[in-house]
Each structure stands twice: as structure tokens, then as C-alpha cells.
1. I'd like the FRET efficiency for His168 and Lys407, computed as 1/(1 + (r/R0)^6) with the beta carbon distance as r and R0 of 22 Å, rounded to 0.05.
2. Which entries of Lys133/Lys190; Lys151/Lys328; Lys133/Lys323; Lys249/Lys323; Lys249/Lys328; Lys151/Lys249 have Cα-Cα distances beyond 26 Å here?
3. If you average the C-alpha positions of the range 95-117 and of the range 195-265 separately, how far apart do those two centres end up, in angstrom?
4. Could you sort 322-333, 49-60 so that the peptide with the highest average Cβ count within 10 Å comes first and the rest follow in order?
5. Ordered by residue, what ³J(HN,Hα) values in Hz, to whole numbers, does the range 395-402 give under the Karplus form 6.51 cos²θ - 1.76 cosθ + 1.60, where θ = phi - 60° and Gly and Pro are x?
6. Based solely on C-alpha atoms, express the radius of gyration and the Dmax of the range 1-110 in angstrom.
7. Okay, helix-only estimate at 222 nm for the chain: each DSSP H run of n ≥ 4 adds -39500 (n - 2.57), divide by all residues, round to 500 deg cm²/dmol; what do you get?
8. Just checking the chain: which Cys have no other cysteine's beta-carbon under 4.7 Å?
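Taken together, the values in this text are just the output of simple stated rules run on the coordinates, not laboratory data. None of the values given here were measured: they were computed from a predicted structure. Cβ atoms come from the backbone with ideal geometry, glycine included; neighbour counts cover every protein chain shown.
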Amino acid sequence: MLVQIGYLMQEGVEIRRPPFNGPANHVRGVVEALVRRGHQVRVLVRVEGRIWETDDLQRFSAVIVRRWDRGPLRWFERGTRRIQSRLGLPYAALFESLRFAQACVQALRGCDVLYERASWVAYGGGLAARRLKVPLVLEDNGDALFDLDAKGIGPTGAQRRLSLALMHRGVRRAAHVVSSGAGWREQFIKRWRYDPAKATIIENGTALVQLLTREQLRSFGDDIGDDEPVTLVYLGGFYPWHGVPVLLKALAMAVSRGARARLLMIGAGDGFAAARQQVAELQLTDRVTLAGHLNMAQCAPLLAAADIGVSPYCGWPEFSGLKILDYKAAGLPTIASGRDGHPPTLKSGHTGLIVPPCKVEALCDAIVSLCAHRELRRRMGRTARLEAEALHGWEQTAERLEQVFVKVLSEANS
């Protein structure tokens, strides 16, 4: 069954031009895979204060929203915003959501289903689904309130109460929710008291399944001498919950215990400067390379040449990050934080090692262990790659989404 899909991002990420960050790569990977499977996908994204539409992720057109971008409503909006600002009234994202809903109605007539990447206090998709009389499926990539609180910018007081009420009402409009990890699904159901029968886990994919062949991967290559240093690679952000301080302390401890390890860190953003300072303080300058932000094509050969991937989350409720899928596709065993069966994308002892979050000594022990056992690394890496080929391509993600859309449409028509 081919489906016409409206992919919505009221609070979007930059998907129009590189460099693309993790969320942008996710969106592009999903859309491109759905199109390859024969579906029609039109993307509406609000970025830099404008709403843009595209059918191919190459050509983007600005949407002129009737009644909202010109005329009396525009002047009313500006006046209301000035009053709100002067009086410090709570923010309800009303105008943004109404404008986005109208843009959807204009651009997405004929769509069978709306698929919205959920964002905080952004409910235009739900309004549009009601007006277009089509089901809405929400894409849940993490607890936005947890993220805001962790960054120290979470809403408080009346603003928090209003935001939660609006989000709760918006969530209730969704016919189904797709969560990118088991932890996020559990959190979503708990936070919004959502029906578990309408919440499905569909993990992200990785482009590295296609970008890298087995022949390019270190774990599938010729034997490597024991005298060569072991390369650990970290791919991701530098916020405190990404666990970079824990990783660097564990590396320093592992080196002091004789591990011939070096670390390549790929990423940028908040916390990068602090990581560089910590590297110097721990006297790891000759062991750690800070590569900065790289696109996936640049990352691919670096991951292929590495030995171990690390995912040391600390203080985060979900451990199945995109980086783990990238490591698996690159044929790397992964040392990851986790507990209570998470992350389910790893099988400890088979495709990597799972250690308690925030525990420097446990992470150090895992690093020392894998650095000392070349054949174990290679065996885990090969197993991880085979799993990635079978489970973690964007095609598999799109196929599972397709099944959700068909189910939702069947229920809507019954």
C-alpha cells in the first residue's frame, strides 16, 4: 500500500543545506527511504522563522501562509506579542501553531497521514490533522522537557503548567506514537499517560550500512599486530549527559593501567571547550584527537579504521543513541552505558560491553579488557556489522514506519 505522507517539523532543524546534524540526518534518512519504497512524502519544516516545503529534500520553497503572513491577523499577532512581552505573560506558541496548521492545510491536501517530529509546545500538526481529517502519527525522539531541564532552561511556574497542558492536549490528538527507543517509549507513556497499545518502538537507522562495505572495515581486514595502539572513537555531542568527562577520566585511568589506547572524538557544540581543557589537565594531549564536527561521509572512513566505539551516557534516561548504530555499521564493538536491559541494540558480550552509567572505574575496566583482546574485538565487531546490515539500515526503519501507517489508516477507515 503506497501512502501519501506529510512529514512535519513545526520546530525544525536545518535540513536544507549541510552540514547536517544528527536530527537532520535522521529526517533525511527516513524521508529518502520512504520515497525509495514508493511513497510520496512532502516535508514542511519551520526554520529561521519561515515555513518551507519540499518534495525531494533538494528544492525548498517558502510557504506563504494565507491570512497569517499579511493583513489584519499579522498586525494583531504583532500587537499581542508586544503586550505579552511587556507583561511577561506565559508563552503558548499559539500564533506559531495556528500559522503552521494553516500551512499544512494549504500544502498537504490529499495526504493520507501526517507524520510529525514532536517538539515542545508545537501543536500545529494536530490542528492540521483535525482540519484535514487525516490521522496524525507522532515521532518521539526523546523527552523534550527532560532535555530542557537538563540544559537548565526548562519552563517554571505558570509557564510550565501551561506548556504541560498544551503538550498533553496535543499528544491526545495523535492516533499513534513512534518512539526511537524503548526508554523513550516508557517515558512517553508515563509522562503523558498514553495508551501503550498505540506506542511503537522503531529505532533509527544509519547510512553507514550503505556507505561502508565489509571490505573497508578494520574488523573484517587482515590481522593487525598487537603492538599497534587501539583506537577508540566517540561520535556525538558534549553536553554533560553525553558522559565525555567520565570517558576522559576512564581513558586516563586505563592508560595508567597500561592500555595502549588512543581516542578520536568527533563532534562539536556546548562542552567542546571544556573537553579540550580536561584533555590537557589529564595529560592526554598525545592520546586524544578532537576532530570537531564532520559530516557522515567524512566520519565513515574514520569509524571504519577504528577498533572500539564508546557511548558513555551519564544522567540520561535513554541509552540507544544514533552513535551505537553507526558503530555497529562500522564493524565496531561498543562500550556503552546502560542498565535494566538497555540499550537493547547491544548484546553485552556479543556486540559490545554494557557498563553502569557514570561509573569511571567500570568504564575503565571495559576499555582495558577490550584493548587487551584483539580477537574478541574483531569477533564482536563482525557480529555488530552483520546485525546492522539486517536491522539498522534506513530501509528497515522505513519498512516499520510503513507498517504503522497502514495500521493507522486501516483503523481510521474501519
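1. Numbers: r = 24 Å, r/R0 = 1.09.
Using R0 = 22 Å, I get an efficiency of 0.35.
2. Pairs exceeding the cut-off: Lys133/Lys190; Lys151/Lys328; Lys133/Lys323.
3. About 39 Å separates the Cα centre of the range 95-117 from the one of the range 195-265.
4. Numbers: 322-333: 28.9, 49-60: 14.8.
My ranking of the peptides, most packed first, is 322-333, 49-60.
5. Once θ is set to phi - 60°, the couplings for the range 395-402 become 4, 5, 4, 5, 4, 5, 4, 4 Hz.
6. Here Rg and the maximum Cα pair distance are 16.1, 52 Å.
7. Value at 222 nm, helices only, nearest 500: -14000 deg cm²/dmol.
8. Cys104, Cys111, Cys299, Cys364, Cys371 - these cysteines have no disulfide-compatible partner (Cβ-Cβ under 4.7 Å) in the chain.
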